[in-house]
Amino acid sequence: MVAGDGAEHAGWQTAVGEQARLAALRASSFVIGSTGDGARVEGSYATDDLFAVLGVTPLLGRGLQPQDQIAGSEPIVVLSESYWRQQLNGVRAVIGRTLTLDGTPRTVVGVVPSLRAIGMPSAISSARLWVPLQIEAGAAARDDRSLFVVARLAAGVAMPSFTAQLETVASELATLHPENDGWGIGVDALAGYAGD
């Protein structure tokens with residue numbers, strides 16, 4: 001299930017409570033290597049719970065973790081299986097290696113399968129690497145609509161009732177924060193995703 005909204009991830013997680021687990025990501029691209037001659041690669045900034053919400057288990061190493069999102073933490077990167085195999089020859093010793101993204105050296109901590117296999121939209125599934133989405137408390141603008149939010153519904157939660165709850169939260173946010181007025185919620189099931 002995918003919900004598009006720019007509201008702060010943690011606030012939405014609090015609002016939906018036990019009905020679902022949320023994760024957020026922002027599509028981007030990164031220059032690998034020196035900024036003058038490096039190759040540009042599609043990627044995403046993501047919250048620590050992205051792979052858990054999607055039910056994706058790393059092939060090597062680990063995924064993103066809560067401490068990775070803290071400003072000032074060690075810069076890390078998680079690679080897609082396709083990037084690992086095509087650009088790094090599928091070498092298992094990639095964990096711990098350093099890649100420079102946009103001029104910042106980042107330690108490779110994991111390799112994960114392609115998101116295309118679980119029905120993610122191409123704008124998201126085209127990512128070949130992921131870095132932590134770091135938002136300092138109070139620093140995120142409420143009119144930032146650049147986040148893509150995914151949710152894993154709890155057992156017994158139906159999509160229509162969950163969608164109605166999201167619409168209620170959006171309405172309440174528009175009352176509290178005028179910059180949210182006129183913005184709503186769009187919810188879609190992930191095509192072809194069986195989940196567990």
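The values are calculated or read from the model by the stated rules, or taken from the named source; none is laboratory data. Predicted model, so just to flag it, every value in this text is computed and none were measured. In this analysis, Cβ positions are derived from the backbone assuming ideal geometry, glycine residues included, and neighbour counts consider all displayed protein chains.
Details
- Just so you know, in the range 42-89 the residues that are farther than 16 Å from Val112 by Cα and of a type in the set (A, V, I, L, M) include one that is modelled with the highest pLDDT, and it is Ile70.
- Applying a threshold of 7 Å to beta carbon distances and a minimum spacing of six or more residues, or different chains, the list of pairs starting in the range 10-30 at a residue that is in a strand (DSSP E or B) and ending at one that is at pLDDT below 75 and not aliphatic (A, V, I, L, M) reads Leu22/His9; Leu22/Trp12; Leu22/Gln13; Ala24/His9; Arg26/Ser146.
- Residues that are free of Cβ contacts under 8 Å to residues at least 60 places away in the same chain, small (Gly, Ala, Ser) and in a loop (DSSP other than H, G, I, E, B), drawn from the range 95-118: Gly96, Ser114
- Residue match in the range 17-36 (condition: in contact with a Ser or Thr (Cβ under 9 Å, 6 or more places away or on another chain), over 17 Å from Gln134 (Cβ atoms), modelled with pLDDT of 90 or more and not aromatic (Phe, Trp, Tyr)): yes
- Scanning the range 168-196 for residues being closer than 13 Å to Leu153 by Cα and either modelled with pLDDT of 70 or more or touching a Ser or Thr at 6+ places or on another chain (Cβ under 6 Å) (or both) gives a total of 3.
- Residue satisfying all of: in the range 55-71; surrounded by 14 or more Cβ atoms within 10 Å (Cβ to Cβ) and aliphatic (A, V, I, L, M); nearest to the chain's Cα centre (by Cα) among these: Leu64
- Sole exception among (1) touching a strand residue (DSSP E or B) at 6+ places or on another chain (Cβ under 9 Å); (2) assigned to a helix (DSSP H, G or I); (3) among the polar types (S, T, N, Q) for Ser73, by number: (2)
- Tallying residues that are crowded, with 16+ Cβ neighbours inside 10 Å, closer than 14 Å to Ser29 by Cβ and modelled with pLDDT under 90 within the range 95-129 yields 2.
- A residue that is touching an Asp or Glu at 6+ places or on another chain (Cβ under 8 Å) and either farther than 30 Å from Asp188 by Cβ or not in a loop (DSSP other than H, G, I, E, B) (or both) cannot be found anywhere in the range 80-93.
- Any hit, the range 34-47, residues being among the basic types (Lys, Arg), in a loop (DSSP other than H, G, I, E, B) and within 25 Å of Pro121 (Cα to Cα): no
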